[in-house]
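Undergrad: Take a look at this one; I'll ask things after.
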Amino acid sequence: MGKTIRFSISIPEELGEKLEELLRRKGYRNRSEAFRDFIRASLVEEEWRESQGEVVGVLSIVYDHHVRALSEKITEIEHCNLGCVVSSLHVHLDEDHCLEAIVLRGPKDRVQKVADEITATKGVKLGKLLAASTGRNLA
Ligand code: NI
């Protein structure tokens, strides 16, 4: 970690109260830690919006493993996108449902396309892509 800088900011009192309430709810012990996280979250958002380079995302899906050939279809999509699918974690939720967390890495458009393809597969009940980060642009 580099040098630390200090600065003060001015915000309306009402917003300040909402901020304190938010920090308490989220369990932040001080404003600095919260602002560091807020800034990093904005940088990740920008990384995904603007990036022509590499992004990292985590696709979480929930599906019914009784749907015919669904697991095979998902595995097939993963195999067709080697290099983009970094890893996946499988959890048997109950007798019917499985959860998979799939880590995707690559150009934004490709990551989004793979996530969309898996989510759109018949039998996938929930698909959510979390915009993570390569970490390179986070100080
Ligand atoms: Ni399972």
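Each value in this text was obtained by applying a stated rule to the coordinates, not by laboratory testing. Just so we're clear, the structure is a prediction, and the values are computed from it rather than from any experiment. Quick reminder, even Gly has a Cβ in these numbers, built from the backbone with ideal geometry, and neighbours come from all protein chains shown.
Undergrad: Roughly what % of DSSP beta bridges within the chain run antiparallel, to the nearest 5?
TA: Working: 25 of 26 bridges.
Counting only bridges with both partners in the chain, antiparallel ones make up about 95 percent.
Undergrad: Can I ask one more? Only Cα pairs under 8 Å and at least 6 apart count here; give the relative contact order of the stretch 65-137 as a rounded whole percent. Spell out each step's value before the answer.
TA: Details: 61 pairs, mean separation 20.4, N = 73.
About 28 percent, as a whole number.
Undergrad: Just to verify a number: FRET efficiency for Ala101 and Arg136, C-beta to C-beta distance, R0 = 25 Å, to 0.05? Before the final figure, lay out the partial values.
TA: Numbers: r = 22 Å, r/R0 = 0.88.
The computed FRET efficiency comes out at 0.70.
Undergrad: Further question: Counting alpha carbon pairs within less than 8 Å and at least 6 residues apart, what relative contact order, in whole percent, applies to the chain? Before the final figure, lay out the partial values.
TA: Numbers: 174 pairs, mean separation 44.2, N = 139.
Relative CO of the chain lands at 32 percent.
Undergrad: Ranked highest first by average number of other Cβ atoms within 10 Å, how do 120-132, 82-94 line up?
TA: Numbers: 120-132: 14.6, 82-94: 12.2.
Highest mean packing first, the order is 120-132, 82-94.
Undergrad: Where nothing but the Cβ of Lys and Arg (+1) and of Asp and Glu (-1) is charged, how large is the charge dipole of the chain around its Cα centre, in debye to the nearest 20? Walk me through the numbers on the way to the answer.
TA: Values: 21 positive and 23 negative charges, 111 e Å.
Computed charge dipole of the chain: roughly 540 debye.
Undergrad: Here's a follow-up. Rounded, prolate or oblate: pick one for the stretch 24-139, where a ≥ b ≥ c are the square roots of the eigenvalues of its C-alpha gyration tensor, a/c under 1.5 means rounded, and failing that, prolate if a/b is larger than b/c, else oblate.
TA: It is oblate, given that a/c is not under 1.5 and a/b is not larger than b/c.
Undergrad: Can you pull the one-decimal nm distance between simple spin-label points at Arg31 and Leu93, each 7 Å off the Cα toward Cβ?
TA: Inter-label distance under the simple model: 4.1 nm.
Undergrad: What is the sum of charges around Ile11, taking Lys and Arg as +1, Asp and Glu as -1, for the other residues whose C-beta is under 13 Å from the C-beta of Ile11? The partial results should precede the final answer.
TA: On the way: positive: Lys18, Arg31; negative: Glu13, Glu14, Glu17, Glu20.
Here the count lands on -2.
Undergrad: May I ask you to derive the FRET efficiency for Leu22 and His79 from their Cβ-Cβ distance with R0 = 41 Å, giving the value to the nearest 0.05?
TA: On the way: r = 43 Å, r/R0 = 1.05.
With a Förster radius of 41 Å, E is 0.40.
Undergrad: Same structure, new question: For the stretch 79-93, what does the Karplus curve 6.51 cos²θ - 1.76 cosθ + 1.60, with θ = phi - 60°, yield as ³J(HN,Hα) per residue in whole Hz, taken in order and with x for Gly and Pro?
TA: 5, 6, 10, 4, x, 9, 8, 7, 6, 9, 10, 10, 10, 7, 6
Undergrad: Could you work out [θ]222 nm for the chain from helices alone, using -39500 (n - 2.57) per DSSP H run of at least four and dividing by all its residues? Round to the nearest 500 deg cm²/dmol. Don't skip to the end; give the middle numbers.
TA: Working: 4 runs with 57 residues, N = 139.
Taking each H run of at least 4 residues, the total per residue is -13500 deg cm²/dmol.
Undergrad: May I pose another question? Which Cα, out of Val85, Gly123, Leu43, lies furthest along the positive dipole direction of the chain (beta carbon charges, K/R +1, D/E -1)?
TA: The one lying farthest along the dipole's positive direction is Leu43.
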